[in-house]
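Undergrad: Quick one: this structure, given as structure tokens, is what I'll be asking you about.
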Number of protein chains: 2
Amino acid sequence: MRYLIFAVVFGLVLSSTAWTEQSFYEPVPKMKHPADNKWSKEKEELGKMLYFDPRLSGSNWISCATCHNPGLGWGDGLPRTIGDGQKELGRHAPTVINSGYFALQMWDGRKKSLEDQAKGPIGAAAEMNQDYNDLLKELKAIPGYVKRFTSVFGENSLTIDNIAKAIATFERSVVSKNSPYDKYWAGNKSAMSSSAVNGMNLFFGKAKCSICHNGPVFTDSGFHNIGVKAAGPSKVDLGRYNETKVDFDKGAFKTPGLRSIAQSAPYMHNGTEATLEDVIAFYDRGGDVKENLSPLITPLGLNAEEKKDLVEFLKALDGEPIKVILPDLP
Amino acid sequence: MRYLIFAVVFGLVLSSTAWTEQSFYEPVPKMKHPADNKWSKEKEELGKMLYFDPRLSGSNWISCATCHNPGLGWGDGLPRTIGDGQKELGRHAPTVINSGYFALQMWDGRKKSLEDQAKGPIGAAAEMNQDYNDLLKELKAIPGYVKRFTSVFGENSLTIDNIAKAIATFERSVVSKNSPYDKYWAGNKSAMSSSAVNGMNLFFGKAKCSICHNGPVFTDSGFHNIGVKAAGPSKVDLGRYNETKVDFDKGAFKTPGLRSIAQSAPYMHNGTEATLEDVIAFYDRGGDVKENLSPLITPLGLNAEEKKDLVEFLKALDGEPIKVILPDLP
């Protein structure tokens, strides 16, 4: 009897929450700003100036925008990014798009906030190679910056932390939204091609993409070893393991968001897959390297049309253009 | 008698063309486009994409905008610019502003048109270090570019010459206008401070600036040895002489335009003067190097206030902001 009641109740619950076509759709929420770095238009504008200012680097030649170029999907279009001295680094420059929604930053999640992240490349010898004290001296000599920092953060506020806060505030403005996918779910069923709709159903079903790529910006904010082959100057890259020292994390990298992903080729943490087609083929064959591979990664058995449909769906995640008017630097 | 007639006639001519306050003012004319590279909005937009696209360089990391950065007065803010391999070069990156009005391009005038100029840095090993054939192969693999070239220049038109034509067309849109100086002469006498007005009178008078810096964009399109000291990796830079092999041109460099000049510090062909104040002090002392010095350069005997006034006038040549919306690259 107890089991019968259970079964009936379970059946009722099941039918009331029955899977509907719409159940997996999540729109991009309003951006949240941290309590200790509240948004203001002036702060965002200051951050935009800093973002585009090559004087943030030791060479005065590399800006945030050099490697996170709005014209190239807020990445740099290279397999692995380039740093100070024009030397190739070990990982692909991740896009800034929707990074304000990520729980952790960097491919290995070693930065907990965009504020933390923004400071990293400025000071890293292999990236922008800037001495923080030199930077502060340089910026303090530019009256337009002093004036703006004072207005945004108060007197004597030109510090590396406030530089990072302003840049993070600008980065939180970089959001992909109103994609064909969003329009489709807003009721415009012609916004997505039938191929893209098929791709969507594969994405959330047979192709298992949504096991990791889920939520409003298509990431579980987790780390997985998906079997990417080594490439570039870093022969062995242990990824998340460097942070956690847990064997399970060896070769695991952060699940990237997928909105506007068509804009920021090539793909994978080390840029080994040139196109979205290549990425789908990679997953279809169950990855390349089997050592410490996540059990989530298995061959998918997709046919040519299914692969094409998945690519069409990914393209349907392209948000409306993010318009950037270049700032006049002070 | 003959001399008397001459004196009377000369006097009449002189009085009829008497120097009026306004006689030296010239507004910026409408930009002219060459007959073999007519303007269209689509061509300008294509040129803007190419201008901001780092894939034009061999490293895929350096775009025209890296060294001619709209945010830094369409220069790079460095004394001497940086090229492939992040190596310092011998000369200062000249601003793109108003370059469409120049009779010759480059500090030594070795390029006769913006079209010619645009090709130079792309292919130069020390600058963007790109092989033209590789570039064409790369761009032909980007459907968005092929489509745009076809639309602008016709079928199979993705050539280095057409790349240059598009970039030159974009560059001709980069014009400094509606400065306080222009507003002053349009009748708004409060557009310039009295210090700037004094500076203007010094500029066209006692300080002799307008001997070379004249015309609508403040250049005679000539080459002069003004006595700039050597700096940077090029110990000896013969400038215009390299082109003409005329002794007179040893150490002579092109007279830069002055509109919006406050935006593109530092100054001189090798960036040896950091600020406008430094430039005025340089001319006041009659230059630094006396060898082959132009006879136009002599000490000026300006007092502190006159120097300040001249700087104020140069700042009054700042045009209205040139708004650039970053292109989404195909």
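Undergrad: Could you check A:Ala265 against (1) aliphatic (A, V, I, L, M); (2) in contact (Cβ under 8 Å) with a residue 60 or more places away in the chain; (3) assigned to a loop (DSSP other than H, G, I, E, B); (4) away from every other protein chain (no Cβ under 14 Å) and say which number it fails?
TA: Against the list (1) aliphatic (A, V, I, L, M); (2) in contact (Cβ under 8 Å) with a residue 60 or more places away in the chain; (3) assigned to a loop (DSSP other than H, G, I, E, B); (4) away from every other protein chain (no Cβ under 14 Å), A:Ala265 comes up short only on (4).
Undergrad: Here's something else I'd like to know. Can you tell me how many residues in region A:42-56 are within 14 Å of chain B (Cβ to nearest Cβ) and charged (D, E, K, R)?
TA: Result for region A:42-56: 4.
Undergrad: Here's a follow-up. Can you confirm whether region A:206-229 contains a residue that is touching a residue at least 60 places away in the same chain (Cβ under 8 Å), farther than 28 Å from A:Lys112 by Cβ and in contact with a Phe, Trp or Tyr (Cβ under 9 Å, 6 or more places away or on another chain)?
TA: Within region A:206-229, one or more residues are touching a residue at least 60 places away in the same chain (Cβ under 8 Å), farther than 28 Å from A:Lys112 by Cβ and in contact with a Phe, Trp or Tyr (Cβ under 9 Å, 6 or more places away or on another chain).
Undergrad: A:Ile97 fails exactly one of the following numbered conditions: (1) within 14 Å of chain B (Cβ to nearest Cβ); (2) within 23 Å of the chain's Cα centre (by Cα); (3) free of Cβ contacts under 8 Å to residues at least 60 places away in the same chain. What is the number of that condition?
TA: With respect to (1) within 14 Å of chain B (Cβ to nearest Cβ); (2) within 23 Å of the chain's Cα centre (by Cα); (3) free of Cβ contacts under 8 Å to residues at least 60 places away in the same chain, A:Ile97 is out only on (3).
Undergrad: Pull up region B:134-155, narrow it to residues that are touching a helix residue (DSSP H, G or I) at 6+ places or on another chain (Cβ under 8 Å) and farther than 14 Å from B:Leu50 by Cα, then point me to the one that is surrounded by the most Cβ atoms within 10 Å (Cβ to Cβ).
TA: Among those that are touching a helix residue (DSSP H, G or I) at 6+ places or on another chain (Cβ under 8 Å) and farther than 14 Å from B:Leu50 by Cα, it is B:Phe153.
Undergrad: I need the full set of residues from region B:203-231 which are more than 14 Å from B:Gly257 (Cβ to Cβ) and surrounded by fewer than 21 Cβ atoms within 10 Å (Cβ to Cβ), in order please.
TA: B:Phe204, B:Gly205, B:Lys206, B:Lys208, B:Ile211, B:Gly227, B:Lys229, B:Ala230, B:Ala231
Condition check ((1) under 30 Å from B:Lys308 (Cβ atoms); (2) at pLDDT 95 or above) across all residues:
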| residue | (1), (2) |
| --- | --- |
| B:Val175 | yes, yes |
| B:Ala186 | yes, no |
| B:Ser195 | yes, yes |
| B:Phe223 | yes, yes |
| B:Ala230 | yes, no |
| B:Pro233 | no, no |
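Undergrad: Which one of these does B:Trp39 not meet: (1) closer than 24 Å to B:Pro256 by Cβ; (2) more than 11 Å from chain A (Cβ to nearest Cβ); (3) in contact with a Ser or Thr (Cβ under 8 Å, 6 or more places away or on another chain); (4) in a loop (DSSP other than H, G, I, E, B)?
TA: Result: B:Trp39 passes all but (1).
Undergrad: Out of region A:168-184, which residues are within 11 Å of A:Ala316 (Cβ to Cβ) and touching a residue at least 60 places away in the same chain (Cβ under 8 Å)?
TA: If the condition is that a residue be within 11 Å of A:Ala316 (Cβ to Cβ) and touching a residue at least 60 places away in the same chain (Cβ under 8 Å), then A:Ser179, A:Pro180, A:Tyr181, A:Asp182, A:Tyr184 are the ones that fit.
Undergrad: Tally the residues that are among the polar types (S, T, N, Q) and out of contact with any helix residue (DSSP H, G or I) (no Cβ under 9 Å at 6 or more places or on another chain), restricting the search to region B:195-217.
TA: Summing the residues that are among the polar types (S, T, N, Q) and out of contact with any helix residue (DSSP H, G or I) (no Cβ under 9 Å at 6 or more places or on another chain) in region B:195-217 gives 0.
Undergrad: Within region A:57-91, restricting attention to residues that are within 13 Å of chain B (Cβ to nearest Cβ), touching a Phe, Trp or Tyr at 6+ places or on another chain (Cβ under 8 Å) and in contact (Cβ under 8 Å) with a residue 24 or more places away in the chain, which residue is surrounded by the fewest Cβ atoms within 10 Å (Cβ to Cβ)?
TA: Among those that are within 13 Å of chain B (Cβ to nearest Cβ), touching a Phe, Trp or Tyr at 6+ places or on another chain (Cβ under 8 Å) and in contact (Cβ under 8 Å) with a residue 24 or more places away in the chain, it is A:Leu78.
Undergrad: Out of region A:230-247, which residues are in a helix (DSSP H, G or I) and either in contact (Cβ under 8 Å) with a residue 40 or more places away in the chain or in contact with a Gly (Cβ under 8 Å, 6 or more places away or on another chain) (or both)?
TA: A:Tyr241, A:Asn242, A:Glu243, A:Asp247 - these are the residues of region A:230-247 that are in a helix (DSSP H, G or I) and either in contact (Cβ under 8 Å) with a residue 40 or more places away in the chain or in contact with a Gly (Cβ under 8 Å, 6 or more places away or on another chain) (or both).
Undergrad: When you scan region B:279-296, do you find a residue that is away from chain A (no Cβ under 14 Å), surrounded by fewer than 20 Cβ atoms within 10 Å (Cβ to Cβ) and not in a loop (DSSP other than H, G, I, E, B), even just one?
TA: yes
Undergrad: A:Arg259 versus (1) in contact with a Leu (Cβ under 7 Å, 6 or more places away or on another chain); (2) of a type in the set (D, E, K, R); (3) surrounded by fewer than 21 Cβ atoms within 10 Å (Cβ to Cβ); (4) assigned to a loop (DSSP other than H, G, I, E, B): which is the lone unmet condition?
TA: The one condition A:Arg259 does not meet is (3).
The values are calculated or read from the model by the stated rules, or taken from the named source; none is laboratory data. Here the structure is a predicted model, which means the values were calculated and not measured. Virtual Cβ from ideal backbone geometry, glycine too; neighbours counted across all protein chains shown.
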